[in-house]
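Bear in mind that the values in this text are calculations on the coordinates, not laboratory data. Just so we're clear, the structure is a prediction, and the values are computed from it rather than from any experiment. Quick reminder, even Gly has a Cβ in these numbers, built from the backbone with ideal geometry, and neighbours come from all protein chains shown.
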């Protein structure tokens, strides 16, 4: 059994180590400790994902190039065929 799942010896409430840690974190968050509140939110709700905007020149669309075999040299074609 993992240590966090084990009861704390002599704990009057019969709490496990995990329960005692969670309770201590909540008390710290209530006191205004932002790090504790952030840790609780990350564990309960999951970490927020960073968003990133990708755009082309001047914030517009990303230009796409269309290539055909005629646009490539023989060496480039051979490299594509070889998977390089």
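Only helices enter the 222 nm calculation for the chain: every DSSP H run of n ≥ 4 contributes -39,500 (n - 2.57), and dividing by all residues gives -13000 deg cm²/dmol, rounded to 500. A simple spin-label model places the labels of residue 11 and residue 44 1.9 nm from each other, with each point 7 Å out along Cα-to-Cβ. Computing FRET efficiency as 1/(1 + (r/R0)^6) for residue 1 and residue 52, where r is the C-beta to C-beta distance and R0 is 41 Å, gives about 0.45. When its C-alpha radius of gyration is set against 2.2 N^0.38 Å (N residues), the chain gives a value of 2.37.
Taking the centroid of alpha carbons for each part, region 58-79 and region 24-39 are 53 Å apart.
Going from the fewest other Cβ atoms within 10 Å to the most, the residues 49, 78 appear in the order 49, 78.
Residue 35 to residue 64: FRET efficiency via 1/(1 + (r/R0)^6), r the Cβ-Cβ distance, R0 41 Å, to the nearest 0.05?
After rounding, the FRET efficiency stands at 0.40.
Listed by Cβ neighbour count within 10 Å, with the fewest neighbours leading, 54, 3 appear as 54, 3.
Each Cα pair of region 1-49 feeds into the Kirkwood radius, which the Stokes-Einstein equation turns, at 37 °C and 0.692 mPa s, into a diffusion coefficient of 277 µm²/s.
Multiplying the residue separation of residue 78 and residue 27 by 0.36 nm and removing their Cα-Cα distance gives an extension gain of 11.8 nm.
By other beta-carbon atoms within 10 Å, ranking 81, 21 with the fewest at the front produces 81, 21.
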